[in-house]
Structure formats: structure tokens, C-alpha cells
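Written out below as C-alpha cells is the structure these notes cover.
The values are calculated or read from the model by the stated rules, or taken from the named source; none is laboratory data. This one's a predicted model, so the numbers in the text were calculated from it and none came from an experiment. Positions of Cβ are generated from backbone atoms using ideal geometry, with glycine treated the same way; all protein chains shown enter the neighbour counts.
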Amino acid sequence: MMLNNEDFIRGLPKAELHLHIEGSLEPSMVFDLARKHGVTLAYPSVEALAAAYAFDNLQSFLDIYYAGAGVLRDADDFFALTQAYLRRAHEQGVVHSEIFFDPQTHTARGVPFEVVITGITRALDEARAKWGLTSRLILCFLRHLSASDALRTLEQALPYRHLIAAVGLDSSEAGFPPVIFLEVFERARAAGFLTVAHAGEEGPPAYILEALDLLKVVRIDHGVRCEESPLLVERLVREQMPLTVCPLSNVRLKVFARMEDHNLKRLLMRGLNVSIHSDDPAYFGGYLAENFIAAQQALDLSRAELAQLARNSMRASLLPPAQQQAWIARIDAWLAAHPDA
Ligand code: ADE
Ligand code: ZN
């Protein structure tokens with residue numbers, strides 16, 4: 001059977017490792033939930049809200065993203081949000097998803113931690129039962145809030161330790177180096193959480209080093225600015241440290257001016273463990289398959305390279321090695337059945 005590249009990408013088994021669940025809140029759901037809760041929005045229509053998604057940088061996005069999340073009020077809202085994301089992910093060939101959530105965005109508005117996690121978890125359980133789609137949850141601390149606020153959030157998470165695989169660090173990067181969160185990450189590791197962190201999206205290579213050496217992360221989210229330090233790149237290759245790269249996000253937030261300028265392919269060819277993810281798909285113009293397709297077209301990625309990116313997503317995942325290997329075998333078989341022309 002002859003497949004075009006888009007169908008090749010959709011059929012490729014993929015792990016999504018960098019996805020903020022609040023970033024999957026579509027404008028139509030913002031309006032549905034606003035109506036449900038009697039909230040007045042700053043925009044008159046779904047179209048007007050969607051038209052506001054034109055960003056100059058990370059902060060201009062975050063301002064709209066946190067405002068949008070204000071319509072999430074009860075556990076059914078978090079369930080509906082997560083269910084809608086998982087359905088789309090499943091339709092695009094995502095077989096495993098590691099999902100970030102930002103509890104402080106909600107607890108600061110008076111929504112209890114328990115409401116957030118029970119709603120999300122109910123949808124994760126349903127997707128596993130319906131489609132065999134496996135998942136992990138990653139609690140992100142907001143770096144624009146204080147270290148003591150993060151410590152309080154970790155305390156709130158401890159009763160749900162069994163539902164959360166790792167902690168991460170997100171929100172405004174420049175001016176908020178990882179070292180600020182050293183103590184909370186040490187406590188999280190002592191409690192058995194793995195650690196990840198956004199670093200090198202807008203921040204310098206020094207932040208990637210801090211994430212590695214101080215926060216002891218098992219992967220770096222974004223990390224694309226590593227290229228500015230050849231010594232760091234050498235280390236990332238040697239350690240096969242995963243970088244979860246988000247192409248559409250990077251272009252929308254002007255980390256790269258155009259997709260053609262993205263360094264994903266160079267990093268891949270340099271031997272880095274890079275993989276493709278969608279970050280905040282409702283805001284950046286596409287889910288995982290659209291990210292693969294945009295990168296494939298702009299960077300002229302071969303099917304062998306697309307398959308390597310998918311293998312990397314499995315290797316970088318928190319799945320047990322045997323499950324990673326099983327998916328990698330499926331990826332190899334898909335490539336063998338539909339090779340480059
Ligand atoms: N929160 C949601 N998306 C983010 C991103 N790309 N960088 C930092 N924080 C985020
Ligand atoms: Zn992110």
C-alpha cells in the first residue's frame with residue numbers, strides 16, 4: 001500500500017512527552033465552560049478568542065493561557081478537557097502520553113488540588129481501558145511563583161503520590177533559573193518523584209546545566225538553545241539526555257522565526273536524543289501529528305528520520321524498558337512496510 005507522508009506520520013506509534021493539559025483547552029471549550037459556570041469572557045466569540053492567539057514571545061502566550069484556564073472549575077471540567085485531548089491524541093497515533101498539569105494555576109483560584117487530579121485521572125483511566133493508551137502525570141511548578149509556594153504544592157501532592165510520576169518546572173523562563181527550585185526538587189526526589197524541567201526554550205544554556213546538575217532531571221523540556229554551547233551539546237549526546245522539542249510552539253513563540261530555521265534536524269543529525277511534541281496544541285495550531293507534518297515539510301525529514309524521532313519518544317518515556325522495546329519494534333515494522341521512496 002502506498003502511503004503519503006501525512007498518513008505515514010499518523011500511523012507511526014508515537015509517545016507524547018511534552019503536553020500541558022491546560023494548553024489543550026480549545027477556544028470552543030473555553031466558551032462552553034464559561035457558559036456552564038456563568039463566567040463573562042473578555043472576547044465576544046470563539047473566533048475572536050482564537051484570533052487573539054498571536055504571540056510575540058513566551059510571556060504573551062502565558063498571559064492568555066492562564067486567563068483561559070480560569071474557566072476550569074470542577075472535576076467534570078478537568079475530565080472533559082483531558083478526555084478531549086486523549087481522543088485527539090489517540091486518533092493521531094499517540095499510544096502513550098506523559099501529561100503536565102499546573103496545579104498552582106487552579107489552587108490559586110480556590111480550586112482544590114483534589115478536584116484537578118481526580119478529573120484528569122478519571123479520563124486517563126478511561127483512555128487506558130478504551131484504547132490501551134497508557135499515560136503518566138507530571139506535576140509542574142510555576143517558576144514565576146515562589147519556591148515556598150512550590151513547596152506547599154508538593155505537600156498537597158503527597159497524598160496523590162501514586163498518581164504522579166514526576167515533577168517539572170514551567171512558565172516564564174528568563175530570570176527564573178532552576179536553582180531557585182533546588183530544595184523543592186530535592187524533596188520531590190526524596191519522596192520518589194522523577195524530575196524534568198523546561199530549560200533552554202527562552203533561557204540560556206546555563207539553565208540547562210542547572211536543570212541537569214542541580215535538579216537531576218531525566219529529560220529537558222525544549223532545550224533547543226543548547227546549540228549555543230558546543231560543550232553542552234557534546235554532553236547531551238554522550239548522556240543521550242532526551243530533549244522534548246515542540247516545533248509549532250517554538251515558531252509561534254518566536255524562538256525560531258520560521259519552521260525552516262528550526263534546529264531539530266541538526267540536533268537529530270548531531271546524535272541528540274530529540275523527539276517531537278505539541279506543548280500547547282490548542283494555542284499553537286496543531287496536535288502531535290501536525291507538529292510532525294510541519295517539521296517534516298519545512299526540514300525535509302525522511303521517513304527514516306521520522307521513525308527515529310518516534311523511537312526517541314519511546315526511549316525518552318517513563319515506560320518500562322520492555323514496553324519501550326515493544327513499541328520500537330512496532331515503529332521499525334511500520335517503517336519497513338512504508339519506507340522512503
Ligand atoms: N506552560 C505551558 N507551555 C509552556 C511553555 N512552552 N514554556 C513554559 N511554560 C509553559
Ligand atoms: Zn511546555
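Take the residues in region 106-144 that are hydroxyl-bearing (Ser, Thr, Tyr) and touching a strand residue (DSSP E or B) at 6+ places or on another chain (Cβ under 7 Å), then tell me which one is nearest to Ala67 (Cα to Cα).
Kept after step one, since they are hydroxyl-bearing (Ser, Thr, Tyr), are these residues of region 106-144: 107, 118, 121, 134-135.
With the extra rule that they be touching a strand residue (DSSP E or B) at 6+ places or on another chain (Cβ under 7 Å), the set shrinks to 134-135.
On the way: Thr134: 30, Ser135: 27 Å.
For region 106-144, the residue satisfying everything is Ser135.
Just checking: which of the helices (runs of 4 or more DSSP H) contained wholly in region 8-71 hold 3 or more residues that are within 16 Å of ligand 2 (Cβ to nearest atom)? Let's see the steps before the verdict.
Values: elements: 27-37, 46-51, 58-68.
Where helices (runs of 4 or more DSSP H) fall fully within region 8-71 and carry at least 3 residues being within 16 Å of ligand 2 (Cβ to nearest atom), they are 58-68.
Looking only at region 143-170, filter to residues that are within 16 Å of ligand 1 (Cβ to nearest atom) and under 16 Å from Val116 (Cα atoms); which one of those is surrounded by the fewest Cβ atoms within 10 Å (Cβ to Cβ)?
Thr153
Which members of region 313-326 meet the condition of being in contact (Cβ under 8 Å) with a residue 40 or more places away in the chain and more than 15 Å from the chain's Cα centre (by Cα)? It would help to see each step written out before you state the result.
At the first step, the residues of region 313-326 found to be in contact (Cβ under 8 Å) with a residue 40 or more places away in the chain are 313-319, 323.
Arg315, Leu319, Gln323 - these are the residues of region 313-326 that are in contact (Cβ under 8 Å) with a residue 40 or more places away in the chain and more than 15 Å from the chain's Cα centre (by Cα).
Would you mind stating whether Ala129 is within 16 Å of ligand 1 (Cβ to nearest atom), part of a helix (DSSP H, G or I) and either modelled with pLDDT under 95 or not aromatic (Phe, Trp, Tyr) (or both)?
Numbers: within 16 Å of ligand 1 (Cβ to nearest atom): no; part of a helix (DSSP H, G or I): yes; either modelled with pLDDT under 95 or not aromatic (Phe, Trp, Tyr) (or both): yes.
For Ala129, the condition - within 16 Å of ligand 1 (Cβ to nearest atom), part of a helix (DSSP H, G or I) and either modelled with pLDDT under 95 or not aromatic (Phe, Trp, Tyr) (or both) - is not met.
Which of the following residues is touching a helix residue (DSSP H, G or I) at 6+ places or on another chain (Cβ under 9 Å) and surrounded by fewer than 18 Cβ atoms within 10 Å (Cβ to Cβ): Val94, Val39? I'd like the intermediate steps shown before the answer.
Working: Val94 fails: surrounded by fewer than 18 Cβ atoms within 10 Å (Cβ to Cβ).
Testing whether each residue is touching a helix residue (DSSP H, G or I) at 6+ places or on another chain (Cβ under 9 Å) and surrounded by fewer than 18 Cβ atoms within 10 Å (Cβ to Cβ) leaves just Val39.
Taking Pro44 and the conditions (1) more than 14 Å from ligand 1 (Cβ to nearest atom); (2) over 15 Å from the mean Cα position of the chain (by Cα); (3) over 20 Å from Lys254 (Cβ atoms); (4) in contact (Cβ under 8 Å) with a residue 12 or more places away in the chain, which numbered condition does it fall short on, given that it satisfies the others?
In the conditions (1) more than 14 Å from ligand 1 (Cβ to nearest atom); (2) over 15 Å from the mean Cα position of the chain (by Cα); (3) over 20 Å from Lys254 (Cβ atoms); (4) in contact (Cβ under 8 Å) with a residue 12 or more places away in the chain, Pro44 misses (4) alone.
Name the residues in region 215-260 that are surrounded by fewer than 17 Cβ atoms within 10 Å (Cβ to Cβ), part of a loop (DSSP other than H, G, I, E, B) and away from ligand 1 (no atom under 16 Å from the Cβ), would you?
Residues satisfying the conditions are Lys216, Val218, Gln240, Ala257, Arg258.
Count, please, the residues in region 171-183 that happen to be in a loop (DSSP other than H, G, I, E, B) and either more than 16 Å from ligand 1 (Cβ to nearest atom) or free of Cβ contacts under 8 Å to residues at least 24 places away in the same chain (or both).
Of region 171-183, the ones in a loop (DSSP other than H, G, I, E, B) are 171-177.
Restricting the remaining residues to those that are either more than 16 Å from ligand 1 (Cβ to nearest atom) or free of Cβ contacts under 8 Å to residues at least 24 places away in the same chain (or both) gives 175.
The total comes to 1.
Do we have any residue at all in region 160-167 that's touching a Phe, Trp or Tyr at 6+ places or on another chain (Cβ under 7 Å) and over 16 Å from Leu17 (Cα atoms)?
Within region 160-167, not a single residue is touching a Phe, Trp or Tyr at 6+ places or on another chain (Cβ under 7 Å) and over 16 Å from Leu17 (Cα atoms).
Does region 184-195 contain at least one residue that is within 16 Å of Leu58 (Cβ to Cβ) and either within 13 Å of ligand 1 (Cβ to nearest atom) or among the polar types (S, T, N, Q) (or both)?
no
Looking only at region 261-290, how many residues end up being within 15 Å of ligand 1 (Cβ to nearest atom), in contact with a strand residue (DSSP E or B) (Cβ under 9 Å, 6 or more places away or on another chain) and farther than 25 Å from Thr195 by Cα?
1
With respect to the numbered conditions (1) within 15 Å of ligand 2 (Cβ to nearest atom); (2) in contact with a helix residue (DSSP H, G or I) (Cβ under 6 Å, 6 or more places away or on another chain), which one is the sole condition not fulfilled by Glu210?
Condition (1) is where Glu210 drops out.
Residues in region 14-41 that are small (Gly, Ala, Ser), over 20 Å from Ser249 (Cα atoms) and touching a residue at least 24 places away in the same chain (Cβ under 8 Å): how many?
Residues meeting the conditions: 1.
Buried (at least 18 other Cβ atoms within 10 Å of the Cβ) and not hydroxyl-bearing (Ser, Thr, Tyr): which single residue out of Ala294, Ala337, Ala341 fits that description?
Values: Ala337 fails: buried (at least 18 other Cβ atoms within 10 Å of the Cβ); Ala341 fails: buried (at least 18 other Cβ atoms within 10 Å of the Cβ).
Only one candidate passes the filter, namely Ala294.
Can you pull out every residue in region 298-341 that is outside any helix (DSSP H, G or I) and of a type in the set (D, E, K, R)? Even if it seems obvious, please write down each step before you answer.
Step one: list which residues in region 298-341 are outside any helix (DSSP H, G or I), which gives 300-302, 316-320, 338-341.
Listed by number, the residues that qualify are Asp300, Asp340.
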